[in-house]
Amino acid sequence: MAGACVFSHLISLGIAATDSTAVCAPGTNPTAIFEPAGPAATHLSAVIWLVLGITAAIGVVVLTLLGVAIVKGRRPAGLPAGTEPTQVFGSNQVELAWTVVPTVIVFLLTLVTVRVIRDVDLVDMPDGALRVQVIGHQWWWEYRYPDLGVVTANELVVPVGTPVWLEVESADVAHSWWVPRLAGKRDVIPNYQTNTWFQADQAGTYLGQCAEYCGTEHAGMLLRVDAVDDAAFESWTAAQRAPASAPPSAIAMRGRAVFESLACATCHTVSGVSDGLFGPDLSHVASRATLGSGVIDFSEDNLRRWIDNPQDIKPGCNMPSLNLTPDDLTAVVAYLMELR
């Protein structure tokens, strides 16, 4: 079973590579399970290396014995065709070995796994941890910092060196929160809260993805964790708590009026403007690095494309095409670009 789990991890190594804005510590891969950047991921990486080492050794032994059997079991040149070589029937030593050795290996892996689960799967929130509520939606992530009064989407910002306690739940179907360099997978279950934690020991951006098939845009439900120093985190928190920016220009004010008159205000929250219930909070959308849960970079041109026809960028997503006139589209984009 341990080998199957490792295989599953290896199959998933290519996740989240579509975010071209990703940055990380020098010489590292933002999604590599073998480059852990926190204590939880370090424990898990050690287990994976152990399992890979044991299975590699078993593979060498099996292939070696197979080679010996092929060479020694060949029919001697002098025997007539159809004559069988000398047969070997049974060996108590071999049968004992292939019973005892696998038993010892399984017992060893069980002990190691139990120890790692004890160290990683904490029941109580660590002292001094930052508490974040994670809500999985089709197909984006909502993040709430209840002790800080901050609500954001898709991009989780945390301070370096601080434990982060995640209270994980789903608004619709089963998802799975997984950032390989920081922690293991945590299933996101409807009507049930689970908990997990991680700690980023290095500043940088860490990528991940929903690891449980959840519908059409499962592959586009990406994860982004930005680990920053304490000063940068405090600055980000203060900016996120502030009211949405007032439009400084006439075109942006017109964009706000269009936003409020359409379904935008029903789906999306903008502090002091709307209390939408279904889509990501847009109060400070222009401060983010990506759009569509990480599928494209945030820019004025991409924002315009996204609002004009989101289905062209993320087919199957729940945001409809609004069919705005060119002037209204320009105004809404101008308004959203002010929300920093």
Legend entry - Residues (in a loop (DSSP other than H, G, I, E, B) and buried (at least 22 other Cβ atoms within 10 Å of the Cβ)) located in region 267-280: HIS268, PRO280
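Yes or no, residue by residue, for (1) aliphatic (A, V, I, L, M); (2) more than 27 Å from PHE298 (Cα to Cα):
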residue: LEU122; (1), (2): yes, yes
residue: GLN133; (1), (2): no, no
residue: VAL150; (1), (2): yes, no
residue: VAL157; (1), (2): yes, no
residue: THR162; (1), (2): no, yes
residue: SER176; (1), (2): no, no
residue: ALA200; (1), (2): yes, no
residue: CYS210; (1), (2): no, no
Inset, instruction - Quick one: which residue in GLU84, GLU95, GLU35 is within 20 Å of VAL160 (Cα to Cα), charged (D, E, K, R) and at pLDDT below 90? - result: GLU35
Legend entry - Residues that are touching a Leu at 6+ places or on another chain (Cβ under 6 Å) and modelled with pLDDT of 95 or more, drawn from region 163-189: VAL164
Inset, instruction - Specify which of the listed residues (SER245, SER176) is of a type in the set (Ser, Thr, Tyr), assigned to a loop (DSSP other than H, G, I, E, B) and in contact with a Lys or Arg (Cβ under 8 Å, 6 or more places away or on another chain). - result: SER245
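Quick grid of which residues meet (1) in the same structural domain as GLU142 (by TED's automatic domain parsing); (2) of a type in the set (Asp, Glu); (3) at pLDDT below 85; (4) under 34 Å from the mean Cα position of the chain (by Cα):
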{"position": "ALA231", "(1), (2), (3), (4)": "yes, no, no, yes"}
{"position": "TRP236", "(1), (2), (3), (4)": "yes, no, no, yes"}
{"position": "ARG254", "(1), (2), (3), (4)": "no, no, no, no"}
{"position": "VAL258", "(1), (2), (3), (4)": "no, no, no, no"}
{"position": "VAL270", "(1), (2), (3), (4)": "no, no, no, yes"}
Inset, instruction - Go through region 205-235 residue by residue and tally those that are surrounded by fewer than 19 Cβ atoms within 10 Å (Cβ to Cβ) and assigned to a helix (DSSP H, G or I). - result: 7
Inset, instruction - Scan region 282-292 residue by residue and report those that are in a helix (DSSP H, G or I) and either touching a strand residue (DSSP E or B) at 6+ places or on another chain (Cβ under 8 Å) or not hydroxyl-bearing (Ser, Thr, Tyr) (or both). - result: VAL285, ALA286
Inset, instruction - Kindly state which helices (runs of 4 or more DSSP H) lie completely within region 293-340 and contain at least 2 residues that are in contact with a helix residue (DSSP H, G or I) (Cβ under 6 Å, 6 or more places away or on another chain). - result: 300-308, 326-337
Legend entry - Of the criteria (1) part of a loop (DSSP other than H, G, I, E, B); (2) crowded, with 18+ Cβ neighbours inside 10 Å; (3) among the polar types (S, T, N, Q); (4) in the same structural domain as VAL132 (by TED's automatic domain parsing), which one GLN202 fails: (2)
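The values are calculated or read from the model by the stated rules, or taken from the named source; none is laboratory data. Keep in mind it's a predicted model, so treat the numbers as computed, not measured. In this analysis, Cβ positions are derived from the backbone assuming ideal geometry, glycine residues included, and neighbour counts consider all displayed protein chains.
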